[in-house]
Structures are given as structure tokens and as C-alpha cells.
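A short reminder: the numbers here are calculations on the coordinates, not readings from a lab. Every value quoted in this text rests on a predicted model; they were computed, and no experiment measured them. All Cβ positions, glycine included, derive from the backbone under ideal geometry; neighbour counts span all protein chains shown.
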Amino acid sequence: MKISKSMQDAISAQINAEFQSAYMYLGMAASLEEQNFPGMASWMKKQAEEEIAHGMKFFDFVFSRQGNISLPGLKQAKTGWKSPLEVFEAAYSHEQKVTRLINGLHDLAQKEKDHATRAFLQWYIQEQVEEEQHANDIVEKIKMIGKSVSGLLYLDKELGKRMAE
């Protein structure tokens, strides 16, 4: 069954949000590189890659349902974050926002009785649980570390081990 116009428009907006997320994470990576945290920067670059992959899954889904996509422009990404804590707190807050967006899509799919989209969104709902947990875990670790340079350097090294998902 062909996807509804309202659902394809909502998913187009989500595609923009996913790519905007990737752009935001690249801005965060730039700031972390400038602060000499290459592992944290690498973690953010991998996060950006993941967001692009999420956007492409939405893109392909709409076309699999005979829909069309609109692609508005992206906003400039913030750079110049002050600290790793500020970066990861913003990342956690952003993931909470993305969760609300995904839930809104699911609500629309439910309202429209679009079972295919509801089933498709289940993966994203679970993914957002993980995204929020990972970002919050890092925030809490940075808070525990406090101003310990050796602690931050250790965490930087650990986060640099993240593999692309």
C-alpha cells in the first residue's frame, strides 16, 4: 500500500532531523578535536555516520512505499563547545528530542492505521533507548571524573575504541 502524504511528509522531516543530527555530531567532533580529545571526537564521528545511516533507512522506506521525499536544507552546526561534559550533555538532550520525534511518527502511524510504518518504526524506538542510555552513561562518567585530567584522558581512550555500528 502506498504511504500517505502526511506520513511521507513527516518522514521527510525526520530524514532532515537525522541528517541535522549527523551535522551536529560533526560539530561536536570538531570541538573535541580542538580540545585534544581524539577518542571522543572519533566517537562523535561514528555517531554522525550512524545518524546518516538512520536517515537513509527512512529514505529507502519511503520509496519502498511508493512515496516521495523533500529535502530542506540543514542549519549550521555549532562548534566551539566548551568541554566534553557540555558536548555529551547536549548529545543526551538531543537524543531525548529525537526520541520524541520518533514517538510522534509512531503516533501518526497509529492514527492513520499505517501498520507497515508502525512496524518499521519499532527498530527506531528500540534504537533510541540505546542512544539515550549511551549518551547518559558518558555524561555520568564525565561527572564522576570531574576535573581529573587522567580520568578524562582514560575515558577519551576508551571512547576512541567505538566501532561503527
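A few comments on the model shown:
- Cα-based helix-to-principal-axis angle, 115-145 vs the chain, degrees rounded to 10: 10 degrees
- Fewest-first sequence of 99, 79 by Cβ atoms within 10 Å of each Cβ: 79, 99
- FRET efficiency for the pair residue 78 and residue 130, taken as 1/(1 + (r/R0)^6) with r the Cβ-Cβ distance and R0 = 25 Å, rounds to 0.55.
- Largest GNM mean-square fluctuation across 82, 141, 111, computed for the chain with C-alpha springs under 10 Å, falls on 111.
- Exposure proxy shown here: for 1, 44, 56, 163, the number of other Cβ atoms within 10 Å sets the order, fewest to most, as 163, 1, 56, 44.
- Each of 150, 42, 64 was scored by other Cβ atoms within 10 Å of its Cβ. Listed from fewest to most, they are 150, 64, 42.
- Acute angle (nearest 10 degrees) that the helix 149-159 long axis makes with the longest principal axis of the chain, alpha-carbon atoms: 30 degrees
- Cross-link partners for residue 2 among the lysines, with Cα-Cα distance under 24 Å and sequence neighbours closer than 8 places in the same chain left out: 57, 111, 113.
- Fraction of alpha-carbon pairs over 19 Å apart in the chain - percent: 56 percent
- Cα centroid of the stretch 100-149 to Cα centroid of the stretch 2-74, whole Å: 14 Å
- Where only DSSP H runs of four or more residues are counted, the chain gives -27500 deg cm²/dmol as its mean residue ellipticity at 222 nm, each run worth -39500 (n - 2.57).
- Candidate lysines for bridging to residue 143, where Cα separation is under 21 Å - those fewer than 8 sequence places away on the same chain excluded: 82, 157, 161
- Modelled FRET efficiency - R0 25 Å, residue 119 with residue 52, Cβ distances, 0.05 increments: 0.65
- Within a Gaussian network of the chain (alpha carbon springs, distance under 10 Å), most fluctuating of 55, 151, 27: 151
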